[in-house]
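Read through the structure below, which is laid out as structure tokens, and then see the notes.
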Amino acid sequence: MRNEVILYTNPQSRGRIARWMLEEVGTPYHVEVLDYDGSMKAPAYLKINPMGKVPAIVYRDQVVTEGAAICAYLAEAFPQAELAPRPAERASYYRWLFFAAGPLEAAITDSKTLGVEPDAQKQKMVGYGTYAAVLDTLAAWLKDHTFVAGERFTAADVYVGAQINWGLNFGTIEKRAEFIDYAKRVSARDAYRRAMEKDDALVETA
């Protein structure tokens, strides 16, 4: 059983979320960089994640995939980092962590990547309703809250912050003041900067 966290990632992927979270918790970790058409689909990695996607982490023989799950798991596995929610923060913490992993990502993917805008009937069927409704809902919350669970940075902000930063940089999220201000707050963290520098270095040497 290995006590060091193993991160399977690619610097041009959602693996950046997991790297940021690992930098936040401050635990030693080993990085395995996978490529999309080779090692990510190889039998050895498919035993870890049959989806052939990154990120994934392995810690003490336990496998965790999906960015939001990795953030939540690491917050609990390393409580000394104080990134898990306190009792009064739990409702907002889980609400917005899963809002970002569900409605936000789905709306962005459909509207901005696939070019799909559900009509009035299908809006009743999809979990997010409309892209505009998702952004309006999240912006309204961030307008009145420093971080998603309140006044304290938590693991939920790693995931939500990564989604918003990515969206602002690549034009999939509207450049509203609420999103820009929030992105500035989370990206000012030392752990965020370290994580980005490490992944950027991998891109440069690839």
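Selection over the range 15-47 of residues that are in a loop (DSSP other than H, G, I, E, B) and in contact (Cβ under 8 Å) with a residue 24 or more places away in the chain gives a count of 6. Against the conditions (1) assigned to a helix (DSSP H, G or I); (2) of a type outside the set (Phe, Trp, Tyr); (3) surrounded by 11 or more Cβ atoms within 10 Å (Cβ to Cβ), where does residue 80 fall short? Just the number, please. Here residue 80 clears every test but (3).
Residue-level check: of (1) at pLDDT 95 or above; (2) of a type outside the set (A, V, I, L, M, F, W, C); (3) in a loop (DSSP other than H, G, I, E, B), residue 73 misses just (3). Of the helices (runs of 4 or more DSSP H) contained entirely in the range 115-184, those carrying at least 3 residues that are surrounded by fewer than 17 Cβ atoms within 10 Å (Cβ to Cβ) and not polar (S, T, N, Q) fall at 131-143. Considering each residue of the range 49-65 in turn, none proves to be surrounded by 14 or more Cβ atoms within 10 Å (Cβ to Cβ) and acidic (Asp, Glu). Within the range 155-189, the residues that satisfy the criterion of being of a type in the set (D, E, K, R) and in contact (Cβ under 8 Å) with a residue 12 or more places away in the chain are 157, 174, 176, 178, 181, 185, 189. Scanning the range 48-91 for residues that are touching a residue at least 60 places away in the same chain (Cβ under 8 Å) and in contact with a Gly (Cβ under 8 Å, 6 or more places away or on another chain) yields 88, 89.
Comparison of 157, 190, 199 shows that the only residue that is touching a Pro at 6+ places or on another chain (Cβ under 6 Å), modelled with pLDDT of 95 or more and not aliphatic (A, V, I, L, M) is 199.
The values are calculated or read from the model by the stated rules, or taken from the named source; none is laboratory data. Keep in mind that this is a model prediction, so the values were computed, not measured. Neighbour counts run over all protein chains shown; Cβ positions are idealised from the backbone, glycine included.
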